[in-house]
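In what follows, a single structure is set out as structure tokens and then discussed.
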Amino acid sequence: MRRRSLILAAVPAGLVTLAGCGDDKADSGKASDSASPTDKSQYSTPSPKIVEGPLPAITAGVKFGEKPTVAKGSGQPSKDLAVKTLIAGGGRTVAENDYVQAHYLGQVWDTAKVFDNSYDRKTPLIIQLAQGSIIDGWRYGLAGKKVGSRVEMAVPPAQGYGSQGNAQAGIKGTDTLVFVVDLKATFNGTSSAKGTEVAQENKDLPKVGTNTDGKAPSIEIPKADPPKKLVANYVIEGDGEEVAADSTVLVQYKGVQWNGGKEFDSTYSRKSLTSFSLQQVVKGWSQGLTGKKVGSRVLVVIPPELGYGDNPPQGSGIEKGATLVFTVDLLAKM
């Protein structure tokens with residue numbers, strides 16, 4: 001049972017996918033083919049009562065970021081969601097519908113059997129705390145916690161996998177699940193690139209704003225013909241991991257047409273981030289973002305043959321043969 005054990009459904013969005021309209025189906029955890037319940041109506045519950053315990057002791061790996069060893073549950077677990085902050089962080093406060101980046105370990109209360117953990121993979125999970133995307137125990141238990149915190153939770157079936165359980169993970173419908181979660185980062189509609197500004201000296205290319213306040217950066221189209229080839233230049237260069245051709249990324253972006261500068265798509269106007277695999281977007285995006293660093297803002301100018309050509313998405317407002325201009329903030333690699 002690997003990363004997808006927590007995930008209920010992929011949460012796609014955007015116009016840049018191959019299909020053009022609607023969303024890609026990239027798994028926000030870039031997970032394996034482990035079993036994953038998808039009928040969110042079975043698992044979504046009203047806001048639960050949250051109590052402080054009981055919770056099993058952590059017997060080893062007690063520091064933030066260390067893989068914990070958690071004792072077997074003692075006695076009967078609470079029927080309510082039990083949540084306790086073991087280490088209080090001082091970072092940004094997590095809110096429902098944020099994307100969180102976290103290391104975690106999950107085990108069964110009665111047996112202490114570990115069914116999932118990200119520490120051994122050495123890659124934290126990035127997942128949205130949204131209804132239908134993740135089990136409700138995480139959605140409610142982590143909201144209000146601060147980045148840098150270690151949180152322990154005991155999740156009853158009603159906020160976990162319901163009476164169905166998850167057979168592939170060895171989770172019965174009566175099992176209470178224990179999680180230890182290290183909150184490394186959180187992202188939402190106000191998130192922006194973080195890095196060093198790069199000079200924009202080519203007057204024949206669009207100039208992109210460098211504000212990092214979560215508001216949409218400006219895009220100034222020059223009075224020049226669009227380039228014939230793909231352009232992908234840093235506006236702000238981050239210091240994170242490089243994005244691979246098969247990576248799934250979490251981004252903020254805005255897209256305009258070269259001709260007239262009319263905006264046709266933006267996460268800023270939706271006030272919601274989007275995630276997708278670079279294998280499921282137009283070629284200009286996949287080629288332009290491959291090799292770029294997480295934390296960066298990138299100007300991407302896409303000629304028609306690497307965009308939508310003569311077949312733009314219906315209702316998008318994109319003209320046939322349009323050159324497209326994007327500013328893309330690479331917030332995280334998933």
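The values are calculated or read from the model by the stated rules, or taken from the named source; none is laboratory data. Model, not experiment: these values are computed from the prediction. Here the Cβ positions follow ideal geometry from the backbone for every residue, glycine too, while neighbour counts run over all protein chains shown. Ligands, DNA and RNA are excluded from the accessible area calculation, which covers all protein heavy atoms including side chains. Shrake-Rupley method; radii C 1.70, N 1.55, O 1.52, S 1.80 Å.
Points to keep in mind about this one:
- Each Cα pair of region 239-334 feeds into the Kirkwood radius, which the Stokes-Einstein equation turns, at 37 °C and 0.692 mPa s, into a diffusion coefficient of 243 µm²/s.
- Within the chain: Cβ-based charge dipole about Cα centre, in debye rounded to nearest 20 (Lys, Arg +1; Asp, Glu -1): 480 debye
- For region 191-241 versus region 265-324, the gap between their alpha-carbon centres in whole angstrom: 14 Å
- Largest first, the extents of the alpha carbon coordinates of region 123-166 on the three principal axes equal 33, 20, 18 Å.
- When region 48-130 is described by a simple charge dipole with +1 on each Lys and Arg Cβ and -1 on each Asp and Glu Cβ, the residue from ALA95, THR111, VAL83 located farthest towards its positive end is THR111.
- Most mobile listed residue (GLN168, GLN279, GLN128) in the chain, GNM with C-alpha springs under 10 Å: GLN168
- Global size of region 159-275: 20.9, 66 Å for Rg and Dmax (C-alpha atoms, Rg to one decimal, Dmax whole).
- Kirkwood hydrodynamic radius over Cα pairs of region 65-146, then Stokes diffusion coefficient at 10 °C and 1.306 mPa s, in µm²/s: 112 µm²/s
- Theoretical gain in end-to-end length, THR69 to VAL198 [0.36 nm per residue, Cα-Cα removed]: 42.0 nm
- Relative to one another, the C-alpha centroids of region 130-150 and region 45-63 are positioned 12 Å apart.
- Label point 7 Å beyond Cα of ASP80 along Cβ direction - residues of region 130-145 with amide nitrogen under 17 Å: 137-138, 140-143
- Cα-based radius of gyration for region 203-259, normalised by 2.2 N^0.38 Å, reads 1.31.
- Summed over the residues of the chain and divided among them, the accessible surface reaches 43 Å² per residue at a probe radius of 1.4 Å.
- Given [x] 22.4, 72; [y] 21.6, 73; [z] 19.3, 57, the label whose value is Rg and Dmax of the Cα atoms in Å derived from this model: [y]
- In the chain, taking the dipole from charged Cβ atoms about the Cα centre, the farthest positive-side position among SER192, PRO54, GLY261 is held by PRO54.
- Using distinct alpha-carbon pairs, which all enter the 1/r mean, Kirkwood radius of region 141-213 in Å: 16.6 Å
- Counting only lysines at least 8 places from LYS254 when in the same chain, those with an alpha carbon closer than 18 Å to its own are LYS194, LYS207, LYS215, LYS262, LYS271, LYS283, LYS292.
- Cross-link partners for LYS113 among the aspartates and glutamates, with Cα-Cα distance under 12 Å and sequence neighbours closer than 8 places in the same chain left out: ASP175.
- Within the listed set ALA167, ALA322, ALA185, the residue fluctuating most in the Gaussian network model of the chain (springs between alpha-carbon atoms under 10 angstrom) is ALA167.
- GNM remark for the chain: springs join alpha carbons under 10 Å apart, and the peak mean-square fluctuation among ALA60, ALA143, ALA112 falls on ALA60.
- Here the simple spin-label model places points 7 Å from the Cα toward Cβ, and for GLU305 and GLN131 these points are separated by 4.8 nm.
- Ratio Rg/Rh [Cα only; Rh per Kirkwood] for region 75-222: 1.14
- A Förster distance of 35 Å, applied to the separation of the beta-carbon atoms of SER163 and GLN279, puts the FRET efficiency at 0.45.
- Rolling a 1.4 Å probe over the protein heavy atoms of region 229-334, with every protein chain left in place, gives an accessible area that is 42 percent carbon and sulfur.
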